[in-house]
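K.L.:
Quick one: the structure is below, questions incoming.
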Amino acid sequence: ACNASKNEAIAAGSLDDAERASEALLKTGGNGDDWGAIGFSYDEQRFSPLTDINDRNVGDLGIAWFADLEDARGQEATPVVVDGVMYVSHAWSKVSAWDAATGKPLWKYDPKVPGERAVHACCDVVNRGVAVWGDKVFVGALDGRLIALDRTSGKELWATQTFDADRPYTITGAPRVVKDMVLIGNGGAEFGVRGYVTAYDADTGRQRWRFYTAPNPKKAKDGAASDAIFASKGNATWSDTGEWQTSGGGGTVWDAIVYDKDLDQIYLGVGNGNPWNHGTRSNGEGDNWFLSSIVALDATTGAYKWHYQETPAETWDYTATQPIILAEQAVNGTPTKVLYHAPKNGFFFTIDRATGKLLDAKPFVDGINWASGYDLATGRPIENPEARFYRTGKPFIAIPGALGAHNWHPMSYNPATGLVYIPAQQIPQAYVADMNELDRRKVVGFNVGTSLTGTMLPDDKAAYRAAVAATTGRLVAFDPRTGKVAWGVDHPAAWNGGTMTTAGNLVFQGTSTGRFRAYAADTGKQLLDLDMQSGIVGAPSTFRVNGVQYVAFQTSKGGAFPLVAGVAGGATRKVPNIPRLVVLKLGGRAQLPALPRATTLAWNPPPQFGTAAQVATGKALFGRYCIVCHGDSAIGNGFTPDLRVSGTLANPEAWKAVLLDGALKDRGMVGFAKVLTPADAAAIRAYVIDRSIWTRENLPNASAPVGR
Ligand SMILES: O=C(O)c1cc(C(=O)O)c2c(n1)C(=O)C(=O)c1cc(C(=O)O)[nH]c1-2
Ligand SMILES: [Ca+2]
């Protein structure tokens, strides 16, 4: 052990020339020619100093080049560009490299994630990006491998398995490189896992340290960097018995991991609890560290420094995993190192990076009803007692809901305007405690202790319309100095793309309804509106090659909302889903191919065979096992099929082969025979036929989303 730590001490900080160049780039962001990391630099502000494209000429942007991608699933990654080469990850954890100026493909890498892993991904088989470091590119694969690729050839250099693949863990987040280590977390807190982050040696993939973000189930030691803080304080914030001990408690770090070069520490954005229901997770007792917290760690050892818990005793899937931005702000006249955070719970947090002290917490959306605000003296929210649905025993329609007032879609910060540009949204959701939906032996399906069936829309056209109307999106320019929204732009639907801002007084954002837009960063005036044919969820980046500035992003619909939303997808439902990499420049003239013609569904449901009771059973099972991927009312979304018109619906044998035996498991549809009986499968079929007949009778002109 003595020797190992000595070797590690020698290894630490021994960077080669290429790695030193990467570190220098990440520290400052350079002159803007490169976009060196998904968040631009260590501060992850997503702010470019480039001004070639600016508020006077941005209207001349056109397409320089584009490339169609393989998988019509969510493309969430921000393109990274170093030395004129673009590195970008895609659905199913694939990676590609391109000549960033010409679009010439350089290499492609496919980690060949087994299709059936998809059933453990709550929110689509997405990947939020790569890390470029020295002569390597790192990616986290959905099945848990952290992979190092050769930057020039795309060949695999090493791969290490980061979790127990028998548990419902996944990786969707981007690795971050800090010193000579590569850091990665995981997802899975809807199913039942215990979250952690691990640092690996960037050269070899050997583990350096691990920090658990939820306690050891026996409140014992793990031999991990997190042991000391759990033993001294953290364990006491969890009940002595409770579902957390079986489920793992959640607290996954599935997106934000940020390095603070000024204070040499790391911030983790920690996710929700498992089950969501705090009443059963921890017997309704304790704050449950480190759920829904920002945790600061020593960058070298992973030792705990401080944390701030945004939602104590989290029970609404209010993750704090959202992107974290490091900035400086005058606080009472003193320049202060702060971090900005706009998590799911709807409040914008300004936190002192040195101490973890809450400086301000103000709403960035309207209508928040789970808490009226924060007590800045204690740092705690002032909760609405009705919101704790497991205590009242009554359903609570929360704003925000589980998809958040802001999800993973990256926000950006412009030091010139002092504003933070947040892809915000309104997606209310009903929470109904239901322990029948918790079955920890069944590792497929959500185990959240609330009823997803209970969140379904009623069979009522007015209610449908109300649900669509209540679900909206908004680009919010938030001013942390005043704690107020400086300006906002309403979008027709929720789930819009991440933002990027520049010294050219610009903010860029793609929308879920297929537009790519630029706004004046100071006033919000719209300056560019390009038709991109497809919904957009990812964030853009910008870079310069041979003196020409470009803007790059991926198109595609995907992620949690389109999977589960059903009709609440509203205006996004008629917009195609086209996976594509697009690069713009001033005067770009490339044309996208013509869209395939919109298909209109022929409603041709097979005759109903089930009784009302069977349909009701089918509905409950659908909510339990199917809705999270096939959407409310089995409606589909352009990348999982609309089951109401599925060919297999007419054929009970084919239906069973898919649903129970896993005939389509390579596409992510595993067999559910472990948890569903043939009678269950028939009941679900009866329910979907009911939906199909209902649609034919009530919404005969509803057409399927077009595209691929
Ligand atoms: O609790 C988790 O472990 C976890 C993981 C993920 C993920 O890895 O994508 C998401 C969420 N939760 C989540 O709550 C959520 O809203 C979400 C949206 C998305 C997405 O990519 O669209 N992922 C996730
Ligand atoms: Ca979650």
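K.L.:
Give the residue from Thr472, Thr450, Pro605 lying farthest towards the positive end of the charge dipole for the chain; charges sit on Cβ (+1 for Lys and Arg, -1 for Asp and Glu) and the dipole is referred to the Cα centre.
P.N.:
So the residue furthest toward the plus end is Pro605.
K.L.:
Relative contact order for region 545-672: what percent, with Cα pairs under 8 Å and sequence separation of 6 or more?
P.N.:
Values: 132 pairs, mean separation 31.9, N = 128.
25 percent.
K.L.:
I would also like to ask the following. Just the number, please: Stokes-Einstein D of region 88-193 in µm²/s, Kirkwood Rh from C-alpha pairs, 10 °C, 1.306 mPa s.
P.N.:
Working: Rh = 14.0 Å.
Estimated diffusion coefficient is 113 µm²/s.
K.L.:
Add -39500 (n - 2.57) for each DSSP H run of 4 or more in the chain, then divide by its residues: what number comes out at 222 nm, to the nearest 500 deg cm²/dmol?
P.N.:
Details: 12 runs with 98 residues, N = 708.
Dividing the helical sum by the residues of the chain leaves -3500 deg cm²/dmol.
K.L.:
For region 183-191, in order, what is each residue's ³J(HN,Hα) by Karplus, 6.51 cos²θ - 1.76 cosθ + 1.60 with θ = phi - 60°, in whole Hz (x at glycine and Pro)?
P.N.:
Per residue, the Karplus-derived 3J(HN,Hα) values read 10, 8, x, 7, x, x, 6, 7, 9 Hz.
K.L.:
Next up: Probe radius 1.4 Å, ligands and nucleic acids ignored: give me the carbon and sulfur share of the accessible area of region 1-133 as a rounded percent.
P.N.:
On the way: 2600 of 5000 Å².
Accessible surface attributable to carbon and sulfur in region 1-133 totals 52 percent.
K.L.:
Along region 466-474, what does the Karplus equation 6.51 cos²θ - 1.76 cosθ + 1.60 (θ = phi - 60°) give for ³J(HN,Hα), rounded to whole Hz, x for Gly and Pro?
P.N.:
5, 5, 5, 5, 6, 9, 9, x, 7
K.L.:
Using the alpha-carbon centroid of each, what span in Å lies between region 398-416 and region 253-300?
P.N.:
A separation of 17 Å, based on Cα centres.
K.L.:
Could you size up the charge dipole of the chain around its Cα centre, putting +1 on the beta carbon of Lys and Arg and -1 on that of Asp and Glu, and report it in debye to the nearest 20?
P.N.:
Numbers: 69 positive and 70 negative charges, 200 e Å.
Approximately 960 debye in magnitude.
K.L.:
Once you list every other residue whose beta carbon is under 13 Å from the beta carbon of Val476, what net charge do they have if Lys and Arg are +1 and Asp and Glu are -1?
P.N.:
Summing Lys and Arg as +1 and Asp and Glu as -1 gives 0.
K.L.:
Between Leu263 and Asp366, what is the label-point separation in nm under the 7 Å Cα-to-beta-carbon projection?
P.N.:
Result for the modelled spin labels: 3.5 nm.
K.L.:
Of all accessible surface on region 203-257 at a 1.4 Å probe, what whole percent is carbon and sulfur?
P.N.:
On the way: 1080 of 2230 Å².
Carbon and sulfur atoms account for 49 percent of the accessible area of region 203-257.
K.L.:
Given Cα pairs under 8 Å that are at least 6 residues apart, what percent is the relative contact order of the chain? Don't jump to the answer; show the numbers that get you there.
P.N.:
On the way: 1982 pairs, mean separation 92.9, N = 708.
Computed over the chain, the figure is 13 percent.
K.L.:
While we're looking at this one, here's another question. Could you go through region 111-124 in sequence order and give the Karplus-derived ³J(HN,Hα) for each residue, using 6.51 cos²θ - 1.76 cosθ + 1.60 with θ = phi - 60°, rounded to whole Hz, and x for Gly and Pro?
P.N.:
Per-residue couplings from phi come out as x, 6, 5, x, x, 6, 5, 4, 5, 8, 8, 4, 9, 5 Hz.
K.L.:
Which three extents, in whole angstrom, do the alpha-carbon atoms of the chain cover along their principal axes, largest first?
P.N.:
Taking the Cα atoms of the chain, the three principal extents are 69, 63, 49 Å.
K.L.:
Hey, which of these cross-link pairs are over 23 Å Cα-Cα: Lys219/Lys337; Lys344/Lys574; Lys27/Lys337; Lys261/Lys305; Lys136/Lys337; Lys219/Lys261? Kindly include the intermediate steps, with their values, before the conclusion.
P.N.:
Values: Lys219/Lys337 35 Å; Lys344/Lys574 26 Å; Lys27/Lys337 15 Å; Lys261/Lys305 15 Å; Lys136/Lys337 31 Å; Lys219/Lys261 33 Å.
Those over the limit are Lys219/Lys337; Lys344/Lys574; Lys136/Lys337; Lys219/Lys261.
K.L.:
Okay, moving on. With equal scatterers on the alpha carbons only and no solvent term, can you work out the Debye log10 of I(q)/I(0) for region 522-577 at 0.17, 0.19, 0.29 1/Å?
P.N.:
The Debye formula, applied to the Cα set alone, gives -0.75, -0.86, -1.17.
K.L.:
Just want the answer: with Cβ charges of +1 for Lys and Arg and -1 for Asp and Glu, which residue in Ala552, Pro168, Leu263 is farthest toward the dipole's positive end in the chain?
P.N.:
Pro168
K.L.:
Still on this model: Below 8 Å between Cα atoms, with a sequence gap of 6+, how large is the relative contact order for region 197-236 in percent?
P.N.:
Working: 42 pairs, mean separation 11.8, N = 40.
Relative contact order comes out at 30 percent.
K.L.:
While we're looking at this one, here's another question. So with the 1.4 Å probe, I'd like the accessible area per residue for the chain, rounded to whole Å².
P.N.:
Values: 24240 Å² over 708 residues.
Result: 34 Å² per residue.
K.L.:
Among Pro678, Gly62, Gly393, whose Cα projects farthest towards the positive end of the dipole of the chain, with charges put on the beta-carbon of Lys, Arg (+1) and Asp, Glu (-1)?
P.N.:
Pro678
K.L.:
May I ask you to list the aspartates and glutamates whose Cα is less than 14 Å away from that of Lys218, ignoring any residue fewer than eight positions away on the same chain?
P.N.:
Once the sequence-local aspartates and glutamates are set aside, what remains near Lys218 is Asp227, Asp240, Glu243.
K.L.:
Hey, got the dipole for region 47-136? About the Cα centre, +1 on K and R Cβ, -1 on D and E Cβ, debye to the nearest 20?
P.N.:
Values: 9 positive and 13 negative charges, 54 e Å.
The calculated dipole for region 47-136 is roughly 260 debye.
K.L.:
Another one. Given 5 Å bins starting at zero, what is the percent of C-alpha pairs of region 311-400 in each, up to the one with the largest pair distance?
P.N.:
3, 13, 22, 24, 17, 10, 6, 3, 2, 0
K.L.:
How far apart, in nanometres, would the label points at Ala159 and Asp16 be if each is projected 7 angstrom from Cα along the Cα-to-Cβ direction?
P.N.:
The two pseudo-label positions are separated by 2.2 nm.
K.L.:
Within region 374-427, what whole-number % of the accessible surface is contributed by carbon and sulfur, with the 1.4 Å probe and all protein chains included in the calculation?
P.N.:
Working: 1100 of 1900 Å².
After summing per-atom areas, the C and S share lands at 58 percent.
The values are calculated or read from the model by the stated rules, or taken from the named source; none is laboratory data. Note that the coordinates shown come from a computational prediction; the quantities given were computed from them, not determined experimentally. Because the Cβ atoms are built from the backbone with ideal geometry, glycine has one as well, and the counts that use them run over all protein chains shown. Side chains included, ligands, DNA and RNA excluded: accessible areas come from the protein's heavy atoms. Shrake-Rupley method; radii C 1.70, N 1.55, O 1.52, S 1.80 Å.
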